[in-house]
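I have placed the structure first, in the form of structure tokens, so that the comments after it can refer back to it.
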Amino acid sequence: MEDSEKTKEQLINELAKLRQQITKLKESEIKRKKAEEDLKKSQQEFASLFKNSPEALVYTDEKGNILDINPNFTALFGYTLKKIKGRNIDERMIIPPDKMKEAKKLTSEALKKDFYFETVRKKKNGTLFPVAISGSRVIIGGRFKGLIASYRDITERQKMIDDLKNSEEKYRSLYENMPGVYYRADREGNMLMVNLPGAKLLGYNSPEEIIGKNLAKDLYYIPEDRKIFLEELKKRKGIIKNYVVSLKRRDGTPVTVSTSSHYYYDKERNIAGVEGIFVDITERKQNEKLQEVLYNISKAANSPISLNQLYKTIHQELGTIIDTTNFYIALVDEKEDKIFFPYHVDEKDDDFPILKFNTTNTLTTYVIKTGRPLFNDNNQYKEMVAQGILTAMGTTADKSIWLGVPLKVEDKVIGAMAVQSYTDSELYSEKDIKVMEFVSEQVTTAIERKRVEEELKRLAHYDTLTG
């Protein structure tokens, strides 16, 4: 009886275990079917995404052999799956000959990590076009199974970039070569931008040498003028035109410019600084000043002042356009064989004796005899003395510079006019020779007119006394 009961209990336990196994099998089958359904769904979703992707896609195995392409790949490159399946992606189908090495390197890198690259690819008809390629590895069960690569035609984007680049180059060319100085400065007057002509105008080799310099401290010839300019700009509501100011070149010399400038603003419409253009008007201003000097000398010659007063006027007027710290006028009387100095101002020499015209060889007699201007520093002076061209006379110094021009009435030389410095051998330049020559004609006319006038007065006075 007991054995029978035991056998019955064993059968019940075995039956329970069997039911558990059946339940597990059913659950496992359900999970398997669900996994299959999920996989199928995933495959369908992948296929749908692959097929309908807005970009051209290609799916390759781990060796780069093509397994599948989507319709946009066909539309972009012209190849159908039938024509391209099984072929290697690095073949010359879509790769230009000069890009083969690059393509193989790209595939090699793609085996290690996701990638993005821009290059050129080829359509079936041979057309080349710019393309952006991106891709990622396909990993199944932890194992590398292939690559999916995306190709996007970037012709329009590249065209936009090229157009922008061309536009930028045209703008840069215009900016760098515009006939004036373009500049931009912040609120404190620190230079942010300047073009190449601007840099060269101020004596610098490149714009980078000026960026960061302060207008008031470094670039205005008279620093206080910057404040006056800003006050005037504010008074004119942020826009100023044809405002004349002197800037400072790298060597410290002034350059006169006319500026048209205005405020520029930040995003909040706050004043961010000032920008505009400078136009070099130094030559124009010099010409205007020259005309003014000539007019004043002519006016003085036609006034009732004496010849000695005329000399002083000439000295003062010429001093507005050239340094005349040391200045003199010499006249020649060939009949009496003499050169004399009716007017002279000199830091070193007070005595200007009458010279023998035919036998004396000084800087002054050289100019009068040759009828040509002479620009002479101390080294040149010593050389001319050593050669016997000149006779040493008067004071000289290591940094002496001498500039003299003949005074001519038509082709006849009546004297000379000269300036000199004992301390700055670079005080005068070739430009100053032209200035002196230009003024000398008016000076000669004025002197001759006043000499004739005084001679007539002297003769009239003599006639009165003898009459």
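The values are calculated or read from the model by the stated rules, or taken from the named source; none is laboratory data. What you see is a predicted model, and the numbers here were worked out from it, not measured in a lab. As a convention, Cβ positions derive from the backbone with ideal geometry for all residues, glycine included, and neighbour counts pool all protein chains shown. Side chains are part of the model used for accessible areas, which takes the heavy atoms of the whole protein and leaves out ligands, DNA and RNA. Shrake-Rupley method; radii C 1.70, N 1.55, O 1.52, S 1.80 Å.
Taking the 1.4 Å solvent-accessible surface of the chain as the whole, the part contributed by carbon and sulfur is 51%.
State in Å² the accessible area per residue of the range 256-394; use a 1.4 Å probe, count heavy atoms of protein chains only, and round to the nearest integer. Numbers along the way, then the final one.
On the way: 7520 Å² over 139 residues.
Per residue, the range 256-394 has 54 Å² of solvent-accessible surface.
In this view, the solvent-accessible surface of TYR221, computed with a 1.4 Å probe and all protein chains in place, comes to about 100 Å². Working note: Cα gyration tensor of the chain, eigenvalues times five, square-rooted, sorted largest first, giving semi-axes of 100, 26, 21 Å.
Before I look further, what does the range 63-126 give for accessible area per residue, probe 1.4 Å, in whole square angstrom? Before the final figure, lay out each step's value.
On the way: 3850 Å² over 64 residues.
About 60 Å² of surface per residue is accessible.
Over the chain, dividing the summed -39,500 (n - 2.57) contributions of all DSSP H runs of at least 4 residues by the number of residues returns a 222 nm mean residue ellipticity of -14500 deg cm²/dmol. With both labels modelled 7 Å from their Cα along Cα-to-Cβ, the THR359 to PHE375 distance reads 3.5 nm.
When the convex hull of the C-alpha atoms of the range 380-419 is computed, what volume per residue in Å³ does it have? Before the final figure, lay out the partial values.
Numbers: hull volume 3.8 nm³, N = 40.
Measuring per residue, one finds 95 Å³ for the Cα hull of the range 380-419.
For the range 276-389, the normalised intensity computed at q = 0.14, 0.15, 0.18, 0.21 Å⁻¹ comes to -0.79, -0.88, -1.12, -1.29 (log10 of I(q)/I(0), Debye sum over alpha carbons, equal scatterers, no solvent).
Between GLU91 and ILE161, the contour length at 0.36 nm per residue exceeds the alpha carbon distance by 22.2 nm.
State the Kirkwood hydrodynamic radius of the range 60-121 in Å, one decimal place, computed from all pairs of distinct Cα atoms.
12.4 Å
Based on the Cβ-Cβ distance of ASP98 and ARG249, what FRET efficiency does E = 1/(1 + (r/R0)^6) give at R0 = 35 Å, to the nearest 0.05?
Numbers: r = 51 Å, r/R0 = 1.47.
With R0 = 35 Å, the Cβ-Cβ based efficiency is 0.10.
Averaging the Cα positions of each part gives two centres, and for the range 251-323 and the range 209-236 these lie 18 Å apart. For the peptides 68-76, 222-230, 370-378, residues were scored by their other Cβ atoms within 10 Å and the scores averaged per peptide; the highest-first order is 68-76, 370-378, 222-230. Length gained on full extension, ASP333 to SER108: 71.2 nm, using 0.36 nm per residue less the C-alpha separation.
With r as the distance between the Cβ atoms of GLU224 and GLN286 and R0 = 30 Å, compute the FRET efficiency 1/(1 + (r/R0)^6) and round to 0.05.
Approximately 0.80, to the nearest 0.05.
Taken along the Cα-to-beta-carbon direction at a fixed 7 Å, the label points for LEU81 and GLU55 span 2.1 nm.
Highest first, please rank the peptides 119-130, 338-349 by the mean number of other Cβ atoms sitting within 10 Å of their residues.
Values: 119-130: 13.9, 338-349: 16.2.
In decreasing order of mean packing, 119-130, 338-349 become 338-349, 119-130.
Reported to the nearest whole Å, the Cα centre-to-centre distance from the range 364-389 to the range 72-149 is 82. For the range 309-467, the tally of Lys pairs with Cα-Cα distances below 14 Å comes to 10, considering only residues 8 or more apart or on different chains.
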